[in-house]
Structure formats: C-alpha cells, structure tokens
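Here is the structure we will look at.
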Amino acid sequence: MTVPPVTAPPPLTATAVTPEELAAAHGLTLSGARPTLPRYVAQLWERRHFVTAYATARMQATYSAARLGQVWHLATPLLNAAVYYFIFGVIMNAGNRVADYIPFLITGVFVWDFIGSSINAGTRAVHSNLGLVRALHFPRAALPLSTVIQLFQQLLVTMGALVILLLAFGQMPAPSWLLVVPALLLAAVFCAGCALAMARIGSKNPDVSQLMPFILRTWMYSSGVMWSIESTLKSDHLPHWVTTALQLNPAAVYIDLMRFALIDSFKAHSLPPHVWLIAVGWALIAGIGGFVFFWKAEEEYGRG
Amino acid sequence: MADTANRIPTVIADDVHVIYKVYGTGTRKGGATAALSRIISRKPAPGVREVHAVKGVSFTAYKGEAIGLIGSNGSGKSTLLKAIAGLQPVARGRVYSQGQPSLLGVNAALMNDLTGERNVVLGGLAMGMTKQQIHERYQDIVDFSGINEKGDFISLPMRTYSSGMGARLRFSIAAAKDHDVLMIDEALATGDAAFQRRSQDRIEELRESAGTVFLVSHGIGTVRETCDRAIWLESGVLRMDGPADEVCDAYEAFSRTG
C-alpha cells in the first residue's frame, strides 16, 4: 500500500457546494465535451502521425493474408479496368464515340474507384471502429481521414499502373501530365469532406452504409466513367440543364480533369467552362462543410 | 473526514445515466423498404432496445485515491468507467474531471496482421504519445513484455503470437504511458506468473504517478489489496460507497445470500 487509506467522503448532498461549483473551484472540466473548432484542428494536427500510421498500417494489413500480398494493390484495379473494358468497350461498343477509349476508360475507373470507395469506407469509418472510439481519446475525425489517406495511398499505387498502361497505349508524357497533381489533391480534399460527412451520418444511422453501394453505383453511372458525357449528350436531345448538371457533378469534374491532363485527344472543349473553379469550389464546400459537420457531433460518437 | 475542502477532487460524477442502444434484438425481419422508410421517418427500428446500464450514479473522487469498482457481471462497472473517461457519452448528468482520464487498454488500435514492432509504434501513437517518446520507450516496452525472451518474435505478425504473448504485449504498450486519472479494467490477470508480478509492480508505479486510479475487478481480493475505497454497483445503481474493506464485506455478504 503506497497510498494512505482515506475514509469515504461524505455524500455530495451533505456538502453545501453543488458538483458544478466544486468542479469549477478545482479547475475540473466536463469529461467528453466537444472542443472548440480551432482547438479541434490543433488536436487533430497533434495526432497527424497517428492518422498516417493508422492509414499505412491498414493499407499494409489489407492483403497480408493473400499469398501474392501487396501485388493485389496493383492487380485489383487492373482487373477492374479489364472487366469494364470487356463490358463497355467490347460488348456495348461505347468506344466508337470516344477516341483513345482504353486510356479514357481506365483513367475514369481509377479515379472513380478512389472517390467511390472513400465515401463508402467513410460511411463506415466511425461505426466500424466503435471499439477504438470507446477505448481511446483522439479527435474522431482521425478515423474518416485515415480511411481517405489509406485510399489515397492506394490511388498513388494505381497511378503507377496507369502511367504504364498509358505509355503502352501510345500516350506520350507531356507537360500537361503535371496537372495530375492539383487535380488529385482537389479530389482528395473533396473525398475527405464527403467521408467526414458520411461518417457522421453512418454513425447515427448504420443502415445508411447498406444503401451506399446503390447510391454510389447510380452516381458512378451518371459520372461518365465509361462514357463521354459531352459526346453522348450532344447527340441525344436532352434539356440543357441536364447536361449542365451532369457536367457540374464533382466526380465527373475530377475524372475529366485527370483525362484532360493525361490524354492527348481529350481536349479542353470537352470540359465544362470554368472547370478549375468548379473543382476548387467542390473541394472547399465538401472539405470545410464536411469537417464542420463532423465536428458538430464530436462528443456523441461512441453512443452506439 | 470533515476537511473535504482540503482534498482535491479529480473526478466528479453528478447523476450519471448511460443508455445503450442495441440493434437487432427484434424478431421481425426488416426489409430494404422498411429500413428506408425508417431512415426517412427517423423512427427507431423495431429491433432496437435501450439498455439503461448506469442509473444516476454520483460520487466524487479525490487525488491520491485508488477506487475499486465492484459488482456482479453486467452491473455497469465498465460502462461507468467509459463514461468517466468521456468515451461513452452520458444520456443524462455530468462528469467533471481533471485532465484527461484514460482507460488502460490499447487493444482496439492494434492490428493482428502487423508485426509486434509496428504495433508498438501504432499503439503508442493511438494513445497520444509522440514519435520521440515512443522511440525512447520502445526498448523498455519490448523488454517489459518479454516477447523476445524466446527468440525474435517482435518482428513477426501479432497473429502468430500465443494468446498469452499477445496479452503481454498489449499490456506493455498500454502501460507505457503515464496518466492523470487512470482506469484499469480487469487487466491484471494476464500472462504467466513472472509477468503478473511485473505488471503488478508497473501498476503500482502508474498509481503513484497518476492522481487517481479506478480499478474494475471481479476479484474482491485484488480490490481489497490495491484499493482504499470501493464503489459497489448493482444493476447500474450505486449501492454502496466507502472504505474498500467495508464495501467488500457487504458485497461478499450480499453475494453469498443473493
């Protein structure tokens, strides 16, 4: 025994002060209270190494049971692209209307894969980590953010495959390839914001994560991943606002920016006007909005 | 006894209620359309049941105290600890605390597919240690766990460890950090005899550096030995709060008859 035994304190009601006053007198703070937004950002910054380490750890643990191991990080997106090529390029012949259809398709598939899986995994980020939320203190935004970082790391590996495929299909490196960097960063900020917002919704309503695959599939088919929004809509007599809405679609914007950067035959006239402004706008709206929306419920995660 | 004014409170629980929502208890199968309409109408699903795990518990813990939480299984001990730590949101009432109370345990952050080495770093970061601190304590953690006594196991994935080895490494990581208010949830009974002795010593050290220690244990002996005060919970209600020996006696008398 190192601590001298103390007698039990009298019950609180016997003392004159209320618990609140007693707490204030000794500088005690409310346990589990939500920090202010600047304080929250600072806490998150202090934990940045945890966020990245957790992302990297999960990335490495993903295929650790498979015999080919990390090769699957590269093989999975390539197989995905092959399936889409078989269905849309060979069977449905969507390639007739688009020049350089294979580079067009795989760029779309890879970028969409990042956007779609960020949002899907973000929806589950808090709910599937309830054990962690209930055991340790850290800004909960670390969970959806590390999910997006993990997927971004995966995207970078995939981009390596994309470069090889582009070269194989006759696309030559050009200065415009550098535009990939801002395009991907903006897409990442957009995805992080969406993942944060969906993480809050998914933690309150676990059923939402069951619906997400359907919502995301609808979004994918309307984002021009396998077909060109511009050339399809030009020929079909759709109202102008439909075309505009399809072109303002953030997923389509980021995918088309990547195509513009990487594919020679994908010219600027295929992009909606003010495309970079739209890309920045979506990133800011989703990024800031998602973060604030997530922070607003910080003290409630873990209620289950 | 009367000079409570001179003692420094570290944790004040004021009428704390914790309510769990448990999904999937209903017998009716929920179809996709039913789920959708529930989401839209924001009604609780028919299969949701609320469990009122902690019902209006109030107490004040002071600096230097070691408090044992006792009670039968499912009486809300662990839930109360999580509520004090601010990890389990309270439904009603308030918890005030000095600094950040932490639960001793890091299991949830560790990954079985990664090596012990990586898990030490990951666990440390999850607990809020800096890279520098982890680097300084890394060797201590590994030595303390005794993982490398039978060869270089620290560089193997944790899924290859025996359950005892895994538990030892988890405890070693969790105990590497000092805390203001420390909560231990039946972590004492892991590993072999030699490791248990080491972990007892380490908990003593942690107790000395921590302001207040909470210990949840089914072993009344452990509570008598290590705590000076005990709180007895029964079905979420605070039944008794006082010197460890008195409360343990009463609890034992209750268990025999009950």
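Quote the convex hull volume per residue of the stretch A:167-230, based on C-alpha atoms, as a whole number of Å³.
130 Å³
Sorting A:271, B:169, A:68 by accessible area (1.4 Å probe), largest first, what list results?
Correct descending sequence by accessible area is A:68, A:271, B:169.
Amide H to amide H under 5 Å from residue B:10: which residues, 5+ apart in sequence or cross-chain, H placed 1.01 Å off N in plane?
Those qualifying (amide H under 5 Å, at least 5 residues apart or on another chain) are B:61, B:62, B:63.
Taking each residue of A:128-134 in turn, how many C-beta atoms of other protein chains fall within 10 Å of its C-beta, and what is the average?
Taking all residues of A:128-134 together, the mean is 4.
Dividing the Cα radius of gyration by the Kirkwood radius, what Rg/Rh value follows for the stretch B:45-178?
Here the Rg-to-Rh quotient is 1.05.
Return P(r) of the stretch A:149-192 (all Cα-Cα pairs; 5 Å bins starting at 0; whole %; ordered from short to long distances).
Histogram of Cα-Cα distances, whole percents per bin: 5, 19, 26, 26, 15, 8, 1.
State the Cα centre-to-centre distance between the stretch A:145-220 and the stretch A:239-258 in whole Å.
Taking the Cα centre of each part, the stretch A:145-220 and the stretch A:239-258 sit 16 Å apart.
State the dimensionless ratio Rg/Rh of the stretch A:20-151 (Rg: radius of gyration of Cα atoms; Rh: Kirkwood radius).
Ratio of gyration radius to Kirkwood radius: 1.19.
Could you give me the ³J(HN,Hα) list for the stretch B:101-112, computed from phi with Karplus coefficients 6.51, -1.76, 1.60 and θ = phi - 60°, whole Hz, x at Gly and Pro?
So the J values, rounded to whole Hz, are x, 10, 8, 7, x, 9, 3, 5, 8, 8, 10, 5.
Taking H placed 1.01 Å from N in the peptide plane, check which residues at least 5 places from residue B:185 or on another chain put their amide H under 5 Å from its amide H.
Those lying under 5 Å, H to H, from residue B:185 are B:104, B:216.
Using amide H atoms built 1.01 Å from N in the peptide plane, name the residues 5+ places from residue A:171, or on other chains, whose amide H lies under 5 Å from its own.
Residues meeting the criterion, in which the H sits 1.01 Å from N, do not exist here.
What does the extension gain come out to for residue A:274 and residue A:99, with contour length at 0.36 nm per residue minus their alpha carbon separation?
60.7 nm
With N residues in the stretch A:225-282, what two-decimal value do you get for its Cα radius of gyration over 2.2 N^0.38 Å?
Cα-based Rg divided by the globular estimate yields 1.07.
Taking springs between alpha-carbon atoms closer than 10 angstrom, which of B:196, B:100, B:139 fluctuates most in the Gaussian network model of chain B?
Result for chain B, Cα springs under 10 Å: B:139 fluctuates most.
Using a 1.4 angstrom probe on the protein heavy atoms only, could you order A:39, B:197, A:67 from most to least accessible area?
A:67, B:197, A:39
At 0.36 nm per residue, minus the direct Cα-Cα distance, what do residue B:209 and residue B:138 gain on full extension? Give it in nm, one decimal, please.
Taking 0.36 nm per residue and subtracting the Cα distance, the gain is 23.6 nm.
I'd like the Karplus ³J(HN,Hα) series for the stretch A:148-153: coefficients 6.51, -1.76, 1.60, θ = phi - 60°, whole numbers in Hz, and an x wherever there's a Gly or Pro.
5, 5, 4, 5, 5, 4
From the backbone phi of the stretch A:164-181, what are the Karplus-calculated ³J(HN,Hα) couplings (6.51 cos²θ - 1.76 cosθ + 1.60, θ = phi - 60°) in whole Hz, Gly and Pro given as x?
4, 5, 4, 5, 5, 9, x, 8, 9, x, 9, x, 5, 4, 5, 5, 4, 4
Ordering B:10, B:115 by accessible area with a probe of 1.4 Å, largest first, what comes out?
The ordering from most to least exposed comes out as B:115, B:10.
Just to be sure I understand: if I project the alpha-carbon convex hull of the stretch B:99-258 onto a plane and average over all orientations, what area do I get in nm²?
If I average the Cα hull's projected area over directions, I get 10.6 nm².
Report the antiparallel proportion of the DSSP beta bridges in the protein assembly as shown as a percent, rounded to a multiple of 5.
Just about 60 percent of them are antiparallel.
Per-residue ellipticity at 222 nm for chain B, helices alone: DSSP H runs ≥ 4 residues times -39500 (n - 2.57), over residue total, nearest 500 deg cm²/dmol?
After summing the helix terms and dividing by the residues of chain B, the value is -11000 deg cm²/dmol.
Run the numbers on chain B and let me know its relative contact order in percent, using alpha-carbon pairs under 8 Å that are six or more apart.
Taking the mean separation of contacting Cα pairs over the length of chain B, I get 25 percent.
Along the Cα→Cβ direction, 7 angstrom out, place labels at residue A:267 and residue A:285. What is the inter-label distance in nm?
According to this spin-label approximation, the distance is 3.0 nm.
Say we join alpha carbon atoms closer than 10 Å with springs in a Gaussian network model of chain B; which of B:96, B:62, B:23 then has the biggest fluctuation?
B:23
When only C-alpha pairs under 8 Å and at least 6 residues apart count, what is the relative contact order of the stretch B:62-134, in percent?
Relative CO of the stretch B:62-134 lands at 17 percent.
How high is the relative contact order of chain A, in percent, with contacts defined as C-alpha pairs under 8 Å that are six or more residues apart?
Normalised by residue count, the contact order of chain A is 26 percent.
With a Förster radius of 22 Å, plug the Cβ-Cβ distance of residue A:80 and residue A:218 into 1/(1 + (r/R0)^6) and report the FRET value to the nearest 0.05.
The value I calculate is 0.75.
Using only Cα atoms and rounding to the nearest 10 degrees, what angle (0 to 90) does helix A:101-125 make with the longest principal axis of chain A?
Around 10 degrees separate the two axes.
How much of the calculated P(r) for the protein assembly as shown lies past 35 Å, in percent of all Cα pairs?
Result: 48 percent of Cα pairs exceed 35 Å.
Report the FRET efficiency, 1/(1 + (r/R0)^6), for residue A:237 and residue A:92, where r is their Cβ-Cβ distance and R0 is 25 Å, rounded to 0.05.
Working from the Cβ atoms, E equals 0.75.
How far is the Cα center of the stretch A:121-137 from the Cα center of the stretch A:34-85, in Å?
15 Å
Report, to one decimal in Å, the Kirkwood hydrodynamic radius for the stretch A:183-304 based on all distinct Cα pairs.
15.9 Å
Any idea what Rg and Dmax come out to for chain A if you just take the C-alpha atoms, in Å?
For chain A, the Cα-based Rg and Dmax read 24.2, 86 Å.
What FRET efficiency would be calculated for the residue pair residue B:239, residue B:21, taking the C-beta separation as r and a Förster radius of 25 Å, to the nearest 0.05?
Here the calculated transfer efficiency is 0.45.
The values are calculated or read from the model by the stated rules, or taken from the named source; none is laboratory data. Worth saying up front: this structure is predicted, and the values here are computed from it rather than measured. Note that we place each Cβ from the backbone using ideal geometry, even for glycine, and neighbour counts take in every protein chain shown. Remember, those area values only see protein heavy atoms, side chains included, never the ligands or the DNA or RNA. Shrake-Rupley method; radii C 1.70, N 1.55, O 1.52, S 1.80 Å.
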